[in-house]
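These notes are about the structure you will find just below.
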Amino acid sequence: MVDLSGVLGDRLENTLAKARKLAAQGELPAAAVAYAQAAKLMRQYAESATSAEVKKKRLADAERLLAYAEQLRQGKVPAGGSDAARIGPDNEMTPDESSYVENARGLIRQAKVSWDDIAGLEDIKRFVKESYALSLAKRPEGVGLPRAANLLLYGPPGTGKTLIAAAISKGLEATFFACKVSDMLSKYFGESSKLIDAIFDLAEQMSPSVIFLDDFESIVADRDGDSSGAERRVLTELLTCMDGFESKSSDKLVLVVAATNKPWLIDEAILSRFGKLGYIGLPETQARRRIFELHLTKKGYQVAGGLEDFAARTEGYSGREIEQICKELVRTMISRANPDLADVAEKGKQALKDYTLRTEAIALESLDDILSRMRPVTGKDDLRRYEIWMERR
Ligand SMILES: Nc1ncnc2c1ncn2[C@@H]1O[C@H](COP(=O)(O)OP(=O)(O)OP(=O)(O)O)[C@@H](O)[C@H]1O
Ligand SMILES: [Mg+2]
């Protein structure tokens, strides 16, 4: 059987949007006609319901729409609008579907990262800023400009991939969906494709949106074993959603930003869906200096000597590791500058409240001490692997 509910749902939604707009403009007779049409569509929509319960609800909604149309026709606009004005196809979802929408909503995060919080990575920052600015700026009459490209960020752990996705979102004032693909697969098993669908729908409604797919390589099947049906379904659904959005001539903006540490696991067919593949490597000296600055001096801590020495000694460490190093440096400094702190703590809360913490400059020797205990997670061989992959493409 052909599933008409999607097509009908779209028509219903469009008709309702038109009706609401007319009502908002005070064009009551025209709005009444549109609401009556929507009621008719809602009745057809009820016929395509998959359960008696949903059908009943849709029929009731059709009645309410019709009643509302009649009120509008008579020039009576209910004070504060009417419930009927908020009816829509997405209210008619089965409880099962609506829980996916709720879960999709639960993935929305407030993106707080701004471009200045990200050290280095100048090329990719510029590319992203320009191409995404392009999608929001006013276009010259008659000029067709390309849409902003979906982006795949790859590189070693802790280098700023998540930061970039968040900064894009903040820059666009977009709704930010933070999806960890591995979690989605493990929590929803065979049902993750429904979640994907719900995320894209919601993202379109709440446009502009950024859908961030972290751990992206988990979406492809394990090379050794059989790909599980669940993964394949999710992948198919994701590609369908991405392609579907691409082909719509909608003025809405939904960007997919994916991130992975293992790009070589991803098939060519999937890679081709991304307009831009961006390598996010380990921070260079200047970027490391900036990360130390962000986590130490900008937070009010003094550094003995200068940050240059700190940056020079930490080649090979990722941004995340440098952040950890900074925390450790601060802890060491506090404990050194306040040798009596543990004793004061024993005396109780009041004694602590009366105690003023002392700080001192963070010494380079402390850094050396920490570095001797903490090796970078990403080694030369790992970096080579990214290079080889890039060269082969
Ligand atoms: N370029 C950078 N500038 C400033 N801080 C950074 C940078 N890279 C990493 N950091 C620090 O490390 C933390 C982790 O970075 P982020 O989450 O972006 O890494 P990631 O590349 O997404 O890692 P993973 O691949 O493990 O998900 C950040 O919260 C930040 O404190
Ligand atoms: Mg990340």
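What follows draws every value from the coordinates through simple rules; no lab data is involved. Just so it is clear, the model here is predicted, and its values are computed rather than measured. Here Cβ is always computed from backbone atoms with ideal geometry, including for glycine, and neighbour counts include all displayed protein chains.
What ratio of Cα Rg to 2.2 N^0.38 Å holds for region 285-377?
Dividing the Cα radius of gyration by 2.2 N^0.38 Å gives 1.21.
Considering only 195, 65, 352, give the residue with the highest GNM mean-square fluctuation for the chain, with springs between Cα atoms whenever their separation is below 10 Å.
Most flexible of the set in this elastic network: 352.
Enumerate the lysines that residue 299 could reach by cross-link, defined here as Cα to Cα under 18 Å, with residues fewer than 8 away along the same chain left out.
Candidates past the 8-residue exclusion: 112, 327.
Return the loop-located trypsin sites (Lys or Arg not before Pro) in region 271-310 (DSSP other than H, G, I, E, B) with at most 10 other Cβ atoms within 10 Å of their own Cβ; answer none if there are none. Write down the numbers at each step before the final one.
On the way: sites: 273, 276, 288, 289, 290, 298, 299; in loops: 273.
Hits after loop and neighbour filter: nothing returned.
Given the options 330, 234, 344, which has the most mean-square fluctuation in a GNM of the chain, springs set between C-alpha atoms less than 10 angstrom apart?
344
Just to be sure I understand: of the beta bridges DSSP finds with both ends in the chain, what percent are antiparallel, rounded to 5?
So the antiparallel bridges in the chain amount to around 10 percent.
So if each residue of separation counts as 0.36 nm, and I subtract the Cα-Cα distance between residue 298 and residue 51, what length gain in nm does that give?
The residue 298-residue 51 span can extend by a further 83.0 nm.
Computed over the Cα atoms, what is the radius of gyration of the chain divided by 2.2 N^0.38 Å, N being its residue count?
Taking the Cα Rg and dividing by 2.2 N^0.38 Å, one obtains 1.29.
Would you look at the GNM of the chain, springs on alpha carbons closer than 10 Å, and say which of 355, 132, 100 moves the most?
Evaluated over the chain, the most mobile residue of the options is 355.
Please go through the residue pairs 18/40; 57/180; 125/187; 21/57; 187/276 and name each one whose alpha carbons sit more than 23 Å apart in this structure.
57/180; 125/187; 21/57; 187/276
What is the distance, in nm, between label points placed 7 Å from the Cα along the Cα-to-Cβ direction at residue 383 and at residue 251?
4.8 nm
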